[in-house]
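Just below is one structure, and these are the notes that go with it.
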């Protein structure tokens with residue numbers, strides 16, 4: 001089966017629920033194969049090895065994954081591999097490494113489209129990036145991605161572009177009301193964290209968008225939006241590069257350059273959030289006011305969708 005995600009056509013020997021189906025030749029292949037483990041160190045719960053064009057990952061509950069030259073992901077699954085865990089490994093760490101290999105910048109972020117432009121949310125895990133994206137979706141905006149955002153910085157004189165991921169968002173069961181529709185549950189997005197993988201197909205965009213703004217979520221007693229110094233923005237981008245410790249040996253210096261460039265080319269603001277799902281709708285309105293030169297509803301300026 002051939003799927004579409006992150007501006008790529010992806011041929012996969014395994015089903016990847018939530019991804020759009022494509023009919024063009026595959027640029028990336030995901031296939032099964034036997035892998036011989038190289039010397040590897042333990043990083044972020046997995047065993048990892050990399051050089052400039054190849055990365056090897058191993059998890060006890062998944063097996064081994066080789067990512068090569070931005071074109072190939074080879075899976076050597078363990079005997080007890082769980083489908084949801086395998087999909088999370090493919091579409092999370094393995095895909096982030098593949099995007100690095102293809103020259104894109106992977107951010108640990110959720111993003112929506114407002115007025116035909118991308119608006120991204122970054123911040124520490126647990127502050128509600130996915131829930132805020134779901135609240136925006138429930139108010140009529142389109143989902144761009146959840147968890148992994150691909151950013152292109154190739155042209156120094158142009159606005160950076162973001163490439164949509166896939167029409168799926170992982171939410172705690174109590175947060176699904178934010179979607180403002182009966183959720184179409186695909187599976188448990190993360191068995192240990194009790195999150196549901198929900199389809200977000202309504203108006204999903206399958207084309208690159210200019211990145212208009214990045215919000216850094218921070219805990220606060222009162223909700224609001226405030227400025228962020230350039231150095232703080234840079235540090236936030238470095239800290240929210242997807243699985244930076246996995247790619248640092250060979251992409252760390254490039255990533256620092258990308259973070260510096262992105263912090264200067266896209267406005268980055270601090271978004272103070274309360275740990276309350278019911279308060280997220282107010283945050284959506286604050287974002288709308290902050291983007292006051294854009295249409296108040298994505299439905300007024302939809303652009304092209306797949």
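The numbers here are math on the coordinates, done by the rules we state, and not lab data. Keep in mind it's a predicted model, so treat the numbers as computed, not measured. Every residue, glycine among them, receives a Cβ derived from its backbone with ideal geometry; neighbour counts consider all protein chains shown.
Residue 32 versus residue 182, label points 7 Å from Cα toward the beta carbon: distance in nm?
Once both label points are built, they end up 3.6 nm from each other.
Can you tell me the order of 194-205, 256-267 when each peptide is scored by its average per-residue count of other Cβ atoms within 10 angstrom, highest first?
Packing proxy ranking, top to bottom: 194-205, 256-267.
For helix 230-239, report the angle its Cα long axis makes with the longest principal axis of the Cα atoms of the chain; keep it between 0 and 90° and round to the nearest 10°.
Compared with the principal axis, the helix lies near 40 degrees.
Could you order the peptides 64-77, 100-113, 125-138, 213-226 from most to least packed, using the average number of other C-beta atoms within 10 Å per residue?
Ranking the peptides 64-77, 100-113, 125-138, 213-226 by packing returns 100-113, 125-138, 64-77, 213-226.
Using the alpha-carbon atoms, what tilt in degrees (0 to 90, nearest 10) does helix 280-290 show relative to the longest principal axis of the chain?
Rounded to the nearest ten degrees, it is 70.
Compute log10 of I(q)/I(0) for segment 31-102 with the Debye formula, placing one identical point scatterer on every Cα and leaving out solvent, at q = 0.17, 0.24 Å⁻¹, to two decimals.
At q = 0.17, 0.24 Å⁻¹ the computed log10 ratios are -0.54, -1.13.
Between residue 52 and residue 155, what length comes free when the chain is fully extended (0.36 nm per residue of separation minus the Cα-Cα distance, one decimal in nm)?
So the chain would gain 34.8 nm between residue 52 and residue 155.
Report the full-extension gain for the segment residue 23 to residue 257: residue separation times 0.36 nm, less the Cα-Cα distance, to one decimal in nm.
80.7 nm
Before anything else, pin down the relative contact order of segment 91-245: Cα pairs under 8 Å, at least 6 apart, normalised by residue count, whole percent.
Over segment 91-245, the number comes to 28 percent.
How would you rank 28-38, 149-159, 165-175, highest first, on the average number of other Cβ atoms within 10 Å across their residues?
Going from most to least packed, we get 165-175, 149-159, 28-38.
Let me have the relative contact order for the chain, percent, based on Cα pairs under 8 Å that are six or more residues apart.
RCO, the chain: 18 percent.
At 222 nm, what helix-only mean residue ellipticity would the chain give, in deg cm²/dmol to the nearest 500, using -39500 (n - 2.57) for each DSSP H run of four or more?
Helix contribution divided over all residues of the chain: -6500 deg cm²/dmol.
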